[in-house]
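One structure is given here, and the rest of the page talks about it.
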Amino acid sequence: MHQAGAAVLQQLLKFDPPRSEQRQVPCCCGHTAKYLELRSKLVLSAVGEVQCVRPYFLCERCHVGQFPVDVELDIENTEFSPGVRRMQALVGQQVPFDHGRAQMQILAGLEVTTKSVERTAEAIGDDIVQREKKEVQKALQLDLPVVMGEPIPILYVQMDGTGVPVVKKETAGRQGKTEGLPAHTREAKLGCVFTQTTWDQEGYAIRDSDSTTYTGAIETAVEFGKRIYREAWKRGWSRAKKKVVIGDGAEWIWNLVAEHFPDAIQIVDLYHARQHLWEVARQRYPHEEVKQKTWMKVHQKRLLDKGKIEKLVGVLRSIHTANPQMAEKICTEADYFERNAERMRYPKFRRQHLFVGSGVIEAGCKTVIGSRLKQSGMFWTVRGANAILALRCSHFNGRFEDYWEGRRAA
Ligand SMILES: [Zn+2]
């Protein structure tokens, strides 16, 4: 069937020389390009390789040649048809490039190189990155248009960071996690937006199915702030009745929230807060697991989970230890709880049937970033990682097909 299709397609791609009145086309230099001859090239289409024969025009003044048919068919400067490039992009965002090459061979009988899957997927991802940058710019210059639609009961924004392994040049001069050793990863920041309409019989929040969209990149917190703001706006931030941001204790998150989402309810992920309390327990009773557990039971249940943060901070500050290192660590944790006290009023949040955990974004870090960008033996350039991440988010958000269909209109 593929062969038959290729034979038919090849006939359709055999263009005649232009008629005498169509033998001139405008050139980019302002002069005109004249028809010279028919030229052919091989194009890999979804049904296999086909020969395309089309008129070639050359400008006598600037010597730039052009194939108007290639522009029309969207095969300019490429040996792949749009259909094949779409496949390369889709497999390339889903699986390692060589695996994607094999899938195209098995599923569509198409022979492409691993490098071509990588190049095409990254080029298309990069195109999405550039369009997003333009949109962010627009969003900053003008006020964003209000997205019309039904009011949204509760809209959530969550964000988190995760390390992506990169090639050496991307970490030059950057301090790694272990002092004295260079970094091997760069932090990708990922944000998600989702909605909630209802809760279960016990009052626990239920996320609206298929309501989650993601956006992310390896970039500064300032740049990411604009990105996540744009995504939230796109999803109806302005018409949400209740707005909630959930994150861990990371300072960049709350700085960004203060700037872009000042009217949101802010919540520190309960499970992160518990981890911090565990750190105190471990400092206080080193190597004494039973005592750690007992201490946790009391302080987690009676204070942290009840949102009695001032009391908790009081307890932490009154812990006296002769070990200065231990004292410093406990003091750091006390500061953490003090700083985030208003974001830890868990009973108050629960009464409003809100989520208090950042599970959605943590799962997102694994599925959107980890499973594609953090496999063993992978080392990315920042540009390559951001291109694939943009492509992946577009695909996960159900926006890829719209982008693909609309990409030539803009
Ligand atoms: Zn010219």
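State whether the residues of the stretch 9-21 include one that is within 16 Å of the ligand (Cβ to nearest atom), assigned to a loop (DSSP other than H, G, I, E, B), farther than 30 Å from residue 105 by Cβ and open to solvent by 90 Å² or more (accessible area, probe 1.4 Å). Scanning the stretch 9-21, I find no residue that is within 16 Å of the ligand (Cβ to nearest atom), assigned to a loop (DSSP other than H, G, I, E, B), farther than 30 Å from residue 105 by Cβ and open to solvent by 90 Å² or more (accessible area, probe 1.4 Å), so the answer is no. Here residue 35 meets the list (1) under 26 Å from residue 405 (Cα atoms); (2) open to solvent by less than 60 Å² (accessible area, probe 1.4 Å) almost entirely, failing just condition (1). In the set 407, 383, 372, only one residue is under 14 Å from residue 97 (Cβ atoms), touching a helix residue (DSSP H, G or I) at 6+ places or on another chain (Cβ under 8 Å) and among the basic types (Lys, Arg); that residue is 372. Within the stretch 207-223, the set of residues being of a type in the set (A, V, I, L, M) and either buried (at least 20 other Cβ atoms within 10 Å of the Cβ) or touching a His at 6+ places or on another chain (Cβ under 9 Å) (or both) comprises 217, 218.
At least 2 residues being open to solvent by 90 Å² or more (accessible area, probe 1.4 Å) and not assigned by TED's automatic domain parsing to the domain that holds residue 218 is the threshold, and among the helices (runs of 4 or more DSSP H) wholly inside the stretch 80-149 those reaching it are 97-108, 114-141. Filtering 242, 226 for residues that are open to solvent by 40 Å² or more (accessible area, probe 1.4 Å), in contact with a strand residue (DSSP E or B) (Cβ under 7 Å, 6 or more places away or on another chain) and not assigned by TED's automatic domain parsing to the domain that holds residue 299 leaves a single hit, 242. Of all residue pairs spaced 6 or more apart or on separate chains, those with beta-carbon atoms under 6 Å, a first member in the stretch 48-65 that is of a type in the set (A, V, I, L, M, F, W, C) and a second member that is near the ligand (Cβ under 8 Å from one of its atoms) and open to solvent by 30 Å² or more (accessible area, probe 1.4 Å) are 59/31; 62/29.
Among the numbered conditions (1) under 21 Å from the mean Cα position of the chain (by Cα); (2) on the phi < 0 side of the Ramachandran plot, tell me where residue 352 comes up short. Status for residue 352: all satisfied but (1). Does residue 73 count as surrounded by 15 or more Cβ atoms within 10 Å (Cβ to Cβ), closer than 25 Å to residue 103 by Cα and more than 16 Å from the ligand (Cβ to nearest atom)? Taking the combined requirement at face value, the residue does not satisfy it. Look at the stretch 366-388: where a residue is not assigned by TED's automatic domain parsing to the domain that holds residue 218 and a partner is acidic (Asp, Glu) and not in a helix (DSSP H, G or I), sitting 6+ places away or on another chain with Cβ atoms under 8 Å, you get 386/219. Mind checking which residues of the stretch 45-70 are away from the ligand (no atom under 16 Å from the Cβ), open to solvent by less than 50 Å² (accessible area, probe 1.4 Å) and not in a loop (DSSP other than H, G, I, E, B)? Once the filter is applied, which keeps residues that are away from the ligand (no atom under 16 Å from the Cβ), open to solvent by less than 50 Å² (accessible area, probe 1.4 Å) and not in a loop (DSSP other than H, G, I, E, B), the stretch 45-70 yields 45, 48, 50, 52, 53, 54, 55, 69, 70.
Scanning the stretch 22-42 for residues that are within 16 Å of the ligand (Cβ to nearest atom) and within 13 Å of residue 68 (Cβ to Cβ) yields a total of 11.
Pairing residues of the stretch 4-31 that are under 15 Å from residue 54 (Cβ atoms) with residues that are open to solvent by less than 60 Å² (accessible area, probe 1.4 Å) and within 12 Å of the ligand (Cβ to nearest atom), at Cβ distances under 6 Å and at least 6 apart in sequence or on separate chains, gives 25/33; 25/57.
Suppose the filter is basic (Lys, Arg), at pLDDT 95 or above and surrounded by fewer than 16 Cβ atoms within 10 Å (Cβ to Cβ); does residue 177 pass it? So residue 177 fails the test. Look at residue 75 and say whether it is outside any helix (DSSP H, G or I), under 28 Å from residue 26 (Cα atoms) and modelled with pLDDT of 95 or more. Spelling it out, residue 75 is indeed outside any helix (DSSP H, G or I), under 28 Å from residue 26 (Cα atoms) and modelled with pLDDT of 95 or more.
The values are calculated or read from the model by the stated rules, or taken from the named source; none is laboratory data. Keep in mind that what you see is a predicted model, and the values were worked out from it rather than measured. With ideal geometry, Cβ positions are generated from the backbone for all residues, glycine too; neighbour counts draw on all protein chains shown. Calculation scope for accessible area: heavy atoms of the full protein, side chains included, ligands and nucleic acids excluded. Shrake-Rupley method; radii C 1.70, N 1.55, O 1.52, S 1.80 Å.
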